[in-house]
Each structure stands twice: as C-alpha cells, then as structure tokens.
1. Using a probe of 1.4 angstrom, how much of the accessible area of chain B is carbon and sulfur, in percent?
2. Could you tell me what percent of the DSSP beta bridges with both partners in the stretch B:17-86 are antiparallel, to the nearest 5?
3. I'm checking a number: the convex hull volume of the Cα atoms of the protein assembly as shown, normalised per residue, in Å³. What is it?
4. What does the charge count near B:Gly80 come to, summing +1 for each Lys or Arg and -1 for each Asp or Glu among other residues with Cβ under 15 Å from its Cβ?
5. Can you tell me the accessible area per residue over the protein assembly as shown, all protein chains present, probe 1.4 angstrom, in square angstrom?
6. With a 10 Å cut-off between alpha carbons and a GNM built on chain A, which of A:Ala25, A:Ala142, A:Ala60 moves the most?
7. Mean shadow of chain B, computed from the convex hull of its alpha carbons, in nm²?
8. Please figure out what share of the DSSP beta bridges in the protein assembly as shown is antiparallel and state it in percent, rounded to the nearest 5.
Number of protein chains: 2
Amino acid sequence: MDSTPGTPRPLELIPSLVILGAARAIEFYTRALDAKVINCFADPKLGGHIVHAELAIGEARFYLSEEARDWHNHAPPSLGGSPVILHLEVLDADAVAARMEAAGATVVYPVRDQFYGERSGRLRDPFGHVWLISQRLKEMSAAEIQAGIDAYEG
Amino acid sequence: MDSTPGTPRPLELIPSLVILGAARAIEFYTRALDAKVINCFADPKLGGHIVHAELAIGEARFYLSEEARDWHNHAPPSLGGSPVILHLEVLDADAVAARMEAAGATVVYPVRDQFYGERSGRLRDPFGHVWLISQRLKEMSAAEIQAGIDAYEG
C-alpha cells in the first residue's frame, strides 16, 4: 500500500443491504444462511424499524437496514431489482442453495459446474437481494478462464 | 462454526457490481479509490464487453461486470438506483471522499462526524453505485449507540 495522501487503505468493504421488512429478513438470513446477528439497532421513533444491523455468515460480514426512501434508502422492490450481486463463496454450493430455496429464495440460475472452475448458482432472496452461491472446484489461470470465455457459446 | 450439513462456512462475501460502462468504471475506481485490477475478462463475442473483473482497494475486493439485461444483470441507471450501499472503511474519510468527488462522484451526504463514533459520508459514483466512506473515530458499545439512536432528532 502506498502512502499517497487520500489513499483509501480500507480496512474493509462491507455490503449494506436496504430491505423492505428488515426484521423478517434477519430471520431469513439466520435460517437460510446460518447468519449470526452481531448487533441490531431499532429506532423507537420510527415504529421500531431496524436502522442498522450487523450480521455475519461465518467470517463474512454484512449490514442491513429498513427501507427509508426519505433518506435515499430504496429496497429492491422499490427499484425492481438490484445491481449488486452478493458473491458468497461456500464449501458446498448445492447444500447452501437448497437451504436458501427451502427458506423461500427463488432460483435465478440453478447450481451447476461453470467453465471457470466454480460450481455456482444464483438465487434471489425473498427481499429481492441477489446471491451468487459459489464453490471453488479448482484453481484456473486467467489465461485458462479467458480461453473458456472465448469458447463459450451460452 | 458448526458442522450442520449445508452450513455455508463461507470463505468470503464479495459484492459484484453490474455497471453500464464497465471499462470506464474501472478507470474511475482506479483513479478515485486507488483500486488495482487483479483480473479482467472481456468477451470478444459481446463486442469486447467486460464480463468479469476483479478489483481490490487495499485488501478489500470487489467484482464488476458490464450490464447484460438478457442475463438478469441490470445496472443502476436501468433500475433508478441501488439497494446496496458499499460500506468502505478507510483511515481518512475526508481525503477519500474528496478524491472521489474530484473524479466525478456526487455527494449524497457530506462527510461529518456521526453520533455512532464514525466520521462518514455517502457518495454516488458516476455509474450509480453508492458508497459509504467511513472512518472509525472511536469504539462504542451497542448500548451507547442505541442511546444515540434514541436521542437522535435527525
């Protein structure tokens, strides 16, 4: 890391999910992804809405908060989707995807072996956030992956 | 971590940003956030569009790809926003926010001291992704933060 003034030198990059129904979402992530709640703050002045919660799936942390349009916090249903795919690397993609689906997630792309050395699939959770559940099958070089892209026919 | 079958035991949770103009976005993240490109894969069959790139800001990794609506990959302009706030913890929030703004980001909330022990602000990058640039000022207990929320008057 250099010492240029203004260099970020970040300690962490953590996705923070805006959710319509944050309390129910915590139940979902707990059941579907074995998430643990580290902290959860509600605002009694906002009807007890969750204004910030910190969750962890194993070592992987994420935040969430209740939708608050007046504060520029829009949940997926208000936008019709999400432009951020949450790439969760796991040891058993089939098991995790099955557990998510059983808890109410929708399969967008089923889990399958991918040419780039992963076994992965995409699911949309009941709150509209999108997860790529990915299991590493083998290490591949960038050149091998690029060759796979060039040869890929959809 | 328990050994329940299907427990995710994730290795990592990495946000993957769908972007309209991924190649220009890489330039922006390089200039504004000192991001390094670890890998970048383009598909010659798709006009050279970037189908997957891996970037790192210090130790913090993220992915990005070009918008591909036929593949359910919608960028922020197609949705009118993003429901995922990218919380980037840095050592100097003012410097990083100034650098982002100089590179073309829009300030949503200026950097200021927050009651929960952070100095932070929110910026929207030129591609519509939303960053919370956050500097830790002091450690606070959950009870102290909740008391601040209860007392907060906007």
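1. Details: 3620 of 6990 Å².
So the carbon and sulfur contribution to the accessible surface is 52 percent.
2. Working: 13 of 16 bridges.
The answer is about 80 percent antiparallel.
3. Details: hull volume 40.8 nm³, N = 308.
So the per-residue hull volume is 132 Å³.
4. Numbers: positive: A:Arg69, B:Arg69, B:Arg124; negative: A:Glu67, B:Glu67.
Net charge around B:Gly80: +1.
5. Numbers: 13980 Å² over 308 residues.
On a per-residue basis, 45 Å².
6. With Cα springs under 10 Å in chain A, the top fluctuation among A:Ala25, A:Ala142, A:Ala60 is at A:Ala142.
7. Details: hull surface 49.2 nm².
Projected over every direction and averaged, the Cα hull of chain B covers 12.3 nm².
8. Values: 62 of 82 bridges.
Looking only at bridges with both residues in the protein assembly as shown, the antiparallel portion is about 75 percent.
The values are calculated or read from the model by the stated rules, or taken from the named source; none is laboratory data. Not measured: the values here are computed from a predicted model. Cβ sites come from the backbone with ideal geometry, for glycine too, and all protein chains shown count toward neighbours. In case anyone asks, the SASA skips ligands and DNA or RNA and just uses the protein heavy atoms, side chains included. Shrake-Rupley method; radii C 1.70, N 1.55, O 1.52, S 1.80 Å.
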